[in-house]
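A quick write-up on the structure given underneath.
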Amino acid sequence: MTGEDVPAVMDLERRLFPHDAWSEGMLRDELAETATRHYVVAESDGALVGYAGLRFVPPEGDVQTMAVAEEAWGRGIGRALLTELLDQGAARGVTHTFLEVRSDNPRAQDLYRRFGFVELGVRRGYYKGADAIVMRRVAQEGTTHE
């Protein structure tokens with residue numbers, strides 16, 4: 001993800017998360033933290049259809065955000081984005097990856113479970129209108145992501 005991607009990312013962010021979207025300033029601040037962040041986008045037919053970001057401070061990493069446009073659901077984009085984040089984290093020494101996922105988003109929860117994330121707990125009221133399920137994945141040497 002580059003600064004040129006920000007308008008398209010913000011458009012998708014606001015469509016998918018209308019009540020708790022990141023601000024453009026927050027996103028630009030994240031992109032500026034190149035020593036501890038890795039952000040990527042997914043495109044299809046020249047249009048941005050997904051994005052994701054990882055904060056890494058080895059041995060820990062945090063999936064900061066991840067989203068896929070509804071019209072692109074079911075095409076493996078979320079799997080590809082998460083694989084990229086986990087690969088980049090592993091290359092930087094991350095062995096424990098954390099994330100929060102909306103309690104009302106079973107599609108995302110299922111994806112994360114397929115990658116070996118397990119539920120640690122719940123943050124009540126973390127999102128507007130939903131709790132956050134806190135999950136963690138511990139990398140196992142010699143295993144694949146799914």
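Can you give the Rg to Rh ratio for the range 12-95, taking only C-alpha atoms and Rh from Kirkwood? Walk me through the numbers before you get to the answer.
Details: Rg = 13.0 Å, Rh = 13.4 Å.
Result for the range 12-95 is an Rg/Rh of 0.97.
Please list, in chain and number order, the residues 5+ apart from Glu43 or on another chain whose amide H is under 5 Å from its amide H, with Hs placed from the backbone.
Counting only residues 5 or more places away or on other chains, the set is Val49.
On a 1.4 Å probe surface of the protein chains, which of Trp73, Trp22 comes out largest in accessible area, and what is the full order?
Largest accessible area first, the list is Trp73, Trp22.
Relative contact order (percent) for the chain, with alpha-carbon contacts under 8 angstrom and 6 or more residues of separation?
Working: 231 pairs, mean separation 25.2, N = 146.
With pairs under 8 Å counted, the relative contact order is 17 percent.
What is the magnitude of the charge dipole of the chain about its Cα centre, with +1 placed on the Cβ of each Lys and Arg, -1 on the Cβ of each Asp and Glu, and no other charges, expressed in debye to the nearest 20? Intermediate results must be reported in sequence, preceding the final value.
Working: 17 positive and 24 negative charges, 101 e Å.
Dipole of the chain, to the nearest 20 debye: 480 debye.
Can you work out the Karplus-derived ³J(HN,Hα) for every residue in the range 102-108? Use 6.51 cos²θ - 1.76 cosθ + 1.60 with θ = phi - 60°, whole Hz, and x for glycine or proline.
Those phi angles translate into 4, 5, 9, 10, x, 4, 5 Hz.
How would you rank 77-85, 29-37, 103-111, highest first, on the average number of other Cβ atoms within 10 Å across their residues? Please list the in-between numbers first.
Numbers: 77-85: 20.0, 29-37: 12.9, 103-111: 14.7.
Those peptides, ordered most packed to least, come out 77-85, 103-111, 29-37.
Convert 37 °C to kelvin, take the viscosity as 0.692 mPa s, use the Kirkwood radius over C-alpha pairs of the range 75-146 as Rh, and evaluate the Stokes-Einstein diffusion coefficient in µm²/s, rounded to a whole number. Can you show the working numbers first?
Numbers: Rh = 12.8 Å.
It diffuses with D of about 256 µm²/s by this estimate.
Using a probe radius of 1.4 Å on heavy atoms only, what accessible surface per residue do you get for the range 63-117? Whole Å² is fine. Don't skip to the answer; put the middle values down first.
On the way: 2570 Å² over 55 residues.
Per-residue accessible area for the range 63-117 comes out at 47 Å².
From the phi angles alone, apply the Karplus equation (6.51, -1.76, 1.60; θ = phi - 60°) to the range 36-46 and give each ³J(HN,Hα) in whole Hz, x where the residue is Gly or Pro.
Result, ordered by residue: 10, 10, 9, 10, 9, 10, 10, 10, 9, 6, x Hz.
Which ³J(HN,Hα) values in Hz, rounded to whole numbers, follow from the phi angles of the range 74-82 under the Karplus curve 6.51 cos²θ - 1.76 cosθ + 1.60, where θ = phi - 60° and Gly and Pro get x?
x, 10, x, 5, x, 4, 5, 5, 5
Placing one identical point scatterer on every Cα of the chain and ignoring solvent, what is log10 I(q)/I(0) from the Debye formula at q = 0.11, 0.15, 0.19, 0.20 Å⁻¹?
Each listed q corresponds, in turn, to -0.39, -0.76, -1.27, -1.41.
Out of Tyr126, Gln64, Ala32, whose Cα points farthest toward the positive end of the dipole of the chain (charges: +1 Lys, Arg; -1 Asp, Glu; placed on Cβ)?
Tyr126
The values are calculated or read from the model by the stated rules, or taken from the named source; none is laboratory data. The shown structure was predicted, so the numbers you read here are calculated from the model rather than taken from an experiment. Cβ atoms come from the backbone with ideal geometry, glycine included; neighbour counts cover every protein chain shown. Note: areas computed on protein heavy atoms with side chains; ligands, DNA, RNA excluded. Shrake-Rupley method; radii C 1.70, N 1.55, O 1.52, S 1.80 Å.
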